[in-house]
Every structure is written in structure tokens, then in C-alpha cells.
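The values are calculated or read from the model by the stated rules, or taken from the named source; none is laboratory data. Everything numeric here is computed off the predicted structure, so don't read it as measured data. Cβ placement follows ideal geometry from the backbone for every residue including glycine, while neighbour counts extend to all protein chains displayed. Surface areas here come from the heavy atoms of the whole protein model, side chains and all, with no ligands, DNA or RNA. Shrake-Rupley method; radii C 1.70, N 1.55, O 1.52, S 1.80 Å.
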Amino acid sequence: MAKPRVKVPKTAKAGDIVLIKTLITHKMDTGLLKDKKTGEIIPQHIINSFQATYNGATVFSATPHAAISANPYIAFNVKVDKTGDLEMVWKDNKGKTWSAKKTITVN
Amino acid sequence: MNFTKVLCGTTIAMALGYAGISVAASGADGVTTPIKPAAKDHPLEEVWSGYKYAATDTQAMQDDEFSNPGMAWHDTGQELWSKVEGDAGKSCASCHGDDASSMKGVGARYPILDEKRGKLVNIENRINMCRTENMKAKPWKYDSSQSLGMSIFVKAQSQGMPVNVKVDGAAKPFFDKGKEFYYERRGQLDMACATCHEGYFGQRVRMNTLSQGQSNGFPTYRLKWQKPGSLHRRFSGCNKQVRAKPFKKGSDEYLALELYLAWRGAGLPVETPSVRN
């Protein structure tokens, strides 16, 4: 599985509201479909947690459910006051974790 | 001409890294203005990319390099490019260079005829030939994430360049075979490729707008598949829809059709990875 794609501005002015875009490749199996060959239900396999922290404080979080389509695209705004690290963590219901870290320099 | 502009745009974008890889689709020939086919025996008066028939939000998704989900596979391909595999201890980068710029133009002129084998070779085949012969590694399965990733990565190097395949000389019999396939009715519905894609493009089949069935955007990210897919996957899907038994991906029949389709879309810009519904 590829790394998550993240678009974060490198620099910003203090007090700016910046747009963060993220995209992760994930099948997002709903748990409602059957395997066409065996007839067995494909177990649910979804990303069920996304959290973004800036300098350690949560700035955005989401708990996606089964209705989100494959390769979820999540975009959100963050108000930045000082230079810091934006850390994003995705978790799926099978315990797998992905993360990305970007620094925004405020000048 | 419009087209020169596109080429320049792409070159500049390449120089800046991958910053502007989605330049191709907007403002290119066959996308906003139709291409008048150069070949005299061309069946279409105007050639349009499938981009024209896509919904506006699908087009926007393709145009934005970030929101284009096919780019995730492009990244996979980029990673694999320098990954050493096989007994020869080589990666793609060992022979072709680190930045893959040597692949520029490849996506526009494939499939080509391999005269030694007497067979057509498309990008997916070519990658596997390199893997088995030069890298002594296992070939990738058709439509596996590695195969898709690498073929998207390789073809995307030619983004914005006009499709231009060689169909004369030794390739002529394959071209004729592909043409025959295109016009041959098949399946319980007794339909040929031409029935929809030549006779009714721009009109609807249930919810979908029929395109001219051009191949310039493949491997394409299809929203229905929720992942990218090869041209041959699309062929077998079309064959199934007319209730015909599909051929195998990578079969001679589909390769010949791929060559013929590329000729039908000659001049269209390479759009890989495109986004379609």
C-alpha cells in the first residue's frame, strides 16, 4: 500500500487559515458485499479513525464509517499561529496505522 | 497551435519535477477542440478524448494532480522504479536512469511490433519483458498494483504528447486484425465495438455517456472500479457487457485491438492517469 498523499503548505503567515489535503489508498470494504466466487461475506475493512494534530494539539479528527468510498480523500482547514509540525494518523479496523508528518513554517 | 502550447507546458512542468503533471488535460487538442484525423480512411470526422464525455466533477478530479486518485499508483510506480529486484540485482533505474525521463514518448508510441518475436508489445508486456530478461525477476500479474503502478508511471512521462503509433509495414497485419475485431459483432447482444463507440458516441447508454472509446488515458482510474485498470480490463468489461466471452488480458486479440484503437486516437494527448466514471 502506497504512502498517504498529503498536501500541506510549507509556509504561512501567523493567523492564516491553511487548507490541508490528504488522500490515502484503502479498499474500504463495507462488510456488506459477498465474494462472487465463494458467496462468503467480505469482512468489513475500513479506515475508522483519522486524526490530525498540530504541535501536539488535535486540530481535526474524523471517524469514517462504512459509507465512505475507497481511497478516502479528506481535506480540512487549520489556523496556524506559530511554526510547528502537523501530524496525521490514519487507523483501520484491523489495527493498521499510517502516518504523515509535515512542518509548516510561520513567518 | 494549441498543441505546441501543451507540449511546452509539459516540458516546463517536467523540469520543475512533478509539480504540474496535470497540465495535459486542460486546453489540449481533442479535449477542448476536436482533432481532424490525418488518415484518409479514418472513420471519424472529429476525434475526441474520453475527457470530453466525462462529468465536470470527474474532469476536475483528473485535472487536479492531488485529487486525482490515479496519482497514488503513479507514486507506487515511482517507488518501484528504483527498487532492486531479481537475480541480476538491477532496478529499472539501473538501465534507464534515476528520473525516468528516458521514458518520455514511450507512452505515446506503444504498442509496437517486436519483430524478433513477431508479436505486438504494449507497455505492460514491455515492463514484464524487462523484468524477466534483464532483471531476472518474476513478471507482474496483469492489473496487479505493481503492474498498474509502473505502467501508469511510465506512460505518465509522455503526458500531453500526441499518440502516434506505427501501423504500416510489418505492423499492418496486426492493425488489420485489430480493425476486424473492432467491427466484428460478438456476444448474445450481437454488438461490435463500433456499434456504440462509432455510431452513438455522445449519446447515453442508461446513465453513462458513450465516449469514442479512445485509449489515450489508460491505465485509467475508474470510479466504478475504485482503482485504476488497464485497457485490457476495459476491453474484457465491454465484451462481457455484450454477453461475449472475453479474451485473456494480454492476448493477441486485445493487443491488436489496442494498436488499432491507438491509431483511431492518433493525435490525442496522453492523459494517463485519467479519471473516468
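The figures follow:
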{"read-out": "Angstrom value of the Kirkwood radius, inverse mean 1/r, which spans all Cα pairs in the range A:49-107", "value": "12.6"}
{"read-out": "Computed lengthening from B:Met129 to B:Tyr200, 0.36 nm per intervening residue step minus Cα-Cα distance", "value": "21.7 nm"}
{"read-out": "Peptides A:55-67, B:120-132 ordered by average Cβ neighbours within 10 Å, highest first", "value": "B:120-132, A:55-67"}
{"read-out": "Gyration tensor verdict on the range B:198-272 (Cα atoms; rounded if a/c is under 1.5, prolate if a/b is larger than b/c, oblate otherwise)", "value": "rounded"}
{"read-out": "Positive-end residue of B:Ser158, B:Ala266, A:Ile47, charge dipole of the protein assembly as shown with Cβ unit charges", "value": "A:Ile47"}
{"read-out": "Cα-based shape type of the range B:71-156, given that a ≥ b ≥ c are square roots of the gyration tensor eigenvalues and the cut on a/c is 1.5", "value": "rounded"}
{"read-out": "Residues B:Ile112 and B:Asp87, FRET efficiency given R0 of 22 Å [Cβ-Cβ distance, rounded to 0.05]", "value": "0.20"}
{"read-out": "Length-normalised contact order for chain A - Cα pairs under 8 Å, 6+ apart - percent", "value": "33"}
{"read-out": "Cα-projected label distance for B:Lys248 with A:Ala14, points at 7 Å along beta-carbon direction, nm", "value": "6.8"}
{"read-out": "Residue-normalised accessible area of chain B, expressed per residue, 1.4 Å probe, Å²", "value": "47"}
{"read-out": "Over chain B, relative contact order from alpha-carbon pairs under 8 Å, at least 6 apart, %", "value": "26"}
{"read-out": "Reachable lysines, given that their alpha-carbon falls under 16 Å from the alpha-carbon of B:Lys240 and they are not under 8 places away in the same chain", "value": "A:Lys36, B:Lys224, B:Lys248, B:Lys249"}
{"read-out": "Under 19 Å from the Cα of B:Lys36 - lysines, other chains or at least 8 residues apart", "value": "B:Lys5, B:Lys52, B:Lys166"}
{"read-out": "Shielded residues, the range A:58-80 - accessible-area loss of 10 Å² or more between chain alone and all protein chains, probe 1.4 Å", "value": "A:Ser69, A:Ala70, A:Asn71, A:Tyr73"}
{"read-out": "Percent accessible area from carbon and sulfur atoms, the range B:71-156, protein chains only, probe 1.4 Å", "value": "48"}
{"read-out": "Helix-only CD estimate at 222 nm, as mean residue ellipticity for the protein assembly as shown, using -39500 (n - 2.57) per DSSP H run (n ≥ 4)", "value": "-7500 deg cm²/dmol"}
{"read-out": "Relative contact order computed over the range B:34-149 (Cα-Cα under 8 Å; 6+ residues apart), in percent", "value": "21"}
{"read-out": "Lys/Arg +1, Asp/Glu -1 at C-beta; the range B:71-156 dipole; positive extreme among B:Ser82, B:Ile112, B:Gln146", "value": "B:Ile112"}
{"read-out": "Pairs of lysines in the range B:71-156 (C-alpha under 15 Å apart; 8 or more residues apart or interchain)", "value": "5"}
{"read-out": "Cα-based reach from A:Lys102 at 14 Å (exclusive), listing aspartates and glutamates while leaving out same-chain residues under 8 positions away", "value": "A:Asp85, A:Glu87"}
{"read-out": "Residues along the range A:11-37 losing 20 Å² or more of accessible surface when the other protein chains are present rather than the chain by itself (probe 1.4 Å)", "value": "A:Lys21, A:Leu23, A:Thr25"}
{"read-out": "Interface area, B with A, accessible, probe 1.4 Å, both sides summed, Å² nearest 100", "value": "1100"}
{"read-out": "Whole-number Å³ per residue for the convex hull built on Cα positions in chain A", "value": "87"}
{"read-out": "Descending principal axes extents, the protein assembly as shown, alpha-carbon based, whole Å", "value": "66, 51, 49"}
{"read-out": "Nearest-0.05 FRET efficiency for B:Glu46 and A:Thr83, computed from C-beta distance (R0 51 Å)", "value": "0.40"}
{"read-out": "Accessible-area value, B:Glu133, 1.4 Å probe, nucleic acids and ligands omitted, Å²", "value": "80"}
{"read-out": "Length added when fully stretched, B:Asn208-B:Arg185, from 0.36 nm per residue minus Cα-Cα", "value": "6.1 nm"}
{"read-out": "Efficiency of FRET from Cβ geometry, B:Glu79 and A:Val106, R₀ 35 Å, rounded to 0.05", "value": "0.65"}
